Amino acid sequence: MVRHSVWTRAALTHDLIASPNRVGFVDAFSYLSVVLSIILGLGLTQVLTAFGRLIRHRERVRVDWLPLLWAGVLLVVFVQVWWSMFGLRAYRDWTFVAFGVVLAQTATLYVMAAVVLPEQVDDSGVDLGAYYERHHRWFFGFFLATLAISITKDVILSRHLPSASNLAFHAAFAVACLVALTVPARRVQQAIGLASAAAIAAYIGLLFTRLQ
């Protein structure tokens with residue numbers, strides 16, 4: 001067992017008082033990011049498990065490419081959010097509200113993962129097209145909430161809106177969500193899916209190619 005002298009204990013106490021954003025020897029972001037990492041990891045697991053489930057029970061699955069496309073897009077979004085959160089490492093003024101809004105963004109992403117593909121494939125089988133028709137409004141509703149929280153997060157943490165290009169992508173995704181929520185036509189839903197997949201690729205390519 002490691003023992004500290006009274007002088008060492010005094011130095012440690014002074015370090016903790018002088019550095020309010022450090023918990024022991026762990027900085028605040030490293031401490032807070034644990035729960036964020038857990039939620040993002042669970043979301044990735046949810047989508048990947050759903051893919052595996054569909055493959056295992058493929059003889060009872062009526063395939064539709066649109067929900068599979070959105071599941072693939074969501075996997076990329078999870079990785080992009082994880083990637084971009086590295087930029088929060090330098091933030092020092094953590095409050096419960098600031099952490100709460102970051103946590104809320106990961107929570108809405110997790111719910112998107114929970115509804116993008118079926119939770120189970122029973123003996124009667126599953127029709128992915130019919131599943132999408134029943135649940136896509138929940139998916140896009142939480143997508144819209146994620147976008148709103150993302151902008152709110154920037155306002156709370158940096159005291160200003162995202163950059164013009166970042167905000168433009170947020171606006172484009174929000175419009176896509178609103179159209180998907182209000183126009184059920186199959187061709188429109190397909191067009192939104194394809195356009196959104198291309199937009200996500202452009203968004204990452206333009207703004208998140210390097211770890212910052």
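Taken together, the values in this text are just the output of simple stated rules run on the coordinates, not laboratory data. From a predicted model like this one, the values you see are computed outputs, not experimental measurements. Note: ideal-geometry Cβ built from the backbone for every residue, glycine included; neighbour counts use all protein chains shown.
Some notes on this structure:
- Against the chain, whose longest principal axis is taken from its Cα atoms, helix 6-18 shows a tilt of about 50°.
- The residues TYR110, TYR91, when put in order of fewest to most other Cβ atoms within 10 Å, stand as TYR91, TYR110.
- Spatial separation of Cα centroids for the stretch 149-174 and the stretch 34-67, in angstrom: 28
- Cα extents of the stretch 123-210 along the three principal axes, largest first (Å): 51, 26, 24
- The chain, helix-only ellipticity at 222 nm - DSSP H runs n ≥ 4, -39,500 (n - 2.57), divided by all residues, nearest 500: -25500 deg cm²/dmol
- Nonlocal amide H pairs with ASP127, under 5 Å, H built at 1.01 Å: ARG62
- Take the Kirkwood radius over Cα pairs of the chain, plug it into Stokes-Einstein at 25 °C and 0.890 mPa s, and you get 127 µm²/s for translational diffusion.
- The chain: angle of helix 28-56 to the longest principal axis, Cα-based, in degrees nearest 10: 20
- Cα long-axis angle, helix 96-116 against the chain (0 to 90 degrees, to the nearest 10): 30
- Think of each Lys and Arg Cβ as +1 and each Asp and Glu Cβ as -1; about the Cα centre, that makes the dipole of the chain roughly 300 debye.
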